[in-house]
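J.: Input: one structure, supplied below.
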Amino acid sequence: MIWRNVVAACAAGAVAVKVALDAALPESALLHPPGARHGGAFVAQCVKCGKCIEACPYQALHAAPFDAGAKAGTPVIDARAQACRLCDSFPCVAACPTGALSPVASREDVRMGTAVINRDLCLSYKAMRCEVCYRVCPFIDEAISINYGAREGDSTHAVFAPVIAEDKCVGCGLCVERCVVGEPECAIRIEPAT
């Protein structure tokens, strides 16, 4: 009887974890760590050993949820919970035994994805000055800049709108982690590259 209760409790816990991961990381938004090879090569080479997850000093990496198809178990980042800090030595890449995470020369060379701003939710586009995503970006005035201008149809308020430079954004997700908008969803997201 005791074993049956233990097994039932473990199963309930596993279901709760799976539900939480599914809600936080839909399959279309799986963000992989720096150095993840593009075009399916990452998934083909990743053996889901978890060494990169263990090596991350910020605990930003977690295993993809069970229902992520071939990507299940691969390392992913939930930028809203903990973004990638673009460590100088890339310990996650160094820990990868298969080359699924290829060496990255510098932080500027990382291509995890690209930030996308939802203008309908962003406070700055509503003429409420925010600039949090801009201030937290490690590539301020390169990957993200502020477009200053008058609000359309409003002669009193100005718009300090963040603009993403797609060729400079590395997709670290710091802007997502720090975005002050949460309802109905975050006003900025990362479109994954892999």
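The values are calculated or read from the model by the stated rules, or taken from the named source; none is laboratory data. Because the structure is a prediction, the values reported are computed rather than measured. FYI the Cβ positions are ideal-geometry reconstructions off the backbone, even for glycines, and counts take in every protein chain you see. Accessible surface is based on the protein model in full, side chains and every heavy atom, while ligands, DNA and RNA are left aside. Shrake-Rupley method; radii C 1.70, N 1.55, O 1.52, S 1.80 Å.
J.: Take the conditions touching a strand residue (DSSP E or B) at 6+ places or on another chain (Cβ under 9 Å) and surrounded by fewer than 22 Cβ atoms within 10 Å (Cβ to Cβ) and apply them to Ile77. Does it pass?
T.: no
J.: Given the structure, is Ser124 out of contact with any His (no Cβ under 9 Å at 6 or more places or on another chain), free of Cβ contacts under 8 Å to residues at least 40 places away in the same chain and more than 21 Å from Val176 (Cβ to Cβ)?
T.: no
J.: Something else about it: Counting just the residues of segment 121-149 that are of a type in the set (Gly, Ala, Ser) and assigned to a loop (DSSP other than H, G, I, E, B), which one comes out farthest from Arg80 (Cα to Cα)?
T.: Ala127
J.: Where residues in segment 74-95 are over 20 Å from Glu185 (Cβ atoms) and not in a loop (DSSP other than H, G, I, E, B), which of them is nearest to the chain's Cα centre (by Cα)?
T.: Pro75
J.: So which residues in segment 121-145 are under 26 Å from Glu108 (Cβ atoms), open to solvent by 40 Å² or more (accessible area, probe 1.4 Å) and not basic (Lys, Arg)?
T.: Cys130, Val132, Pro138, Ile140, Asp141, Glu142, Ser145
J.: Let me ask you something else. Condition check: among the hydroxyl-bearing types (Ser, Thr, Tyr), modelled with pLDDT under 95 and over 26 Å from Val163 (Cβ atoms). Does Ser89 satisfy that?
T.: yes
J.: I would also like to ask the following. Considering only segment 146-178, state which residues are surrounded by fewer than 15 Cβ atoms within 10 Å (Cβ to Cβ) and acidic (Asp, Glu).
T.: Those that are surrounded by fewer than 15 Cβ atoms within 10 Å (Cβ to Cβ) and acidic (Asp, Glu): Glu152, Asp154, Glu166, Asp167.
J.: Is it the case that some residue within segment 9-27 is surrounded by fewer than 20 Cβ atoms within 10 Å (Cβ to Cβ), farther than 29 Å from Phe139 by Cβ, at pLDDT below 95 and touching a strand residue (DSSP E or B) at 6+ places or on another chain (Cβ under 9 Å)?
T.: yes
J.: Could you tell me which numbered condition Cys49 fails, if it satisfies all but one of (1) open to solvent by 70 Å² or more (accessible area, probe 1.4 Å); (2) assigned to a loop (DSSP other than H, G, I, E, B)?
T.: (1)
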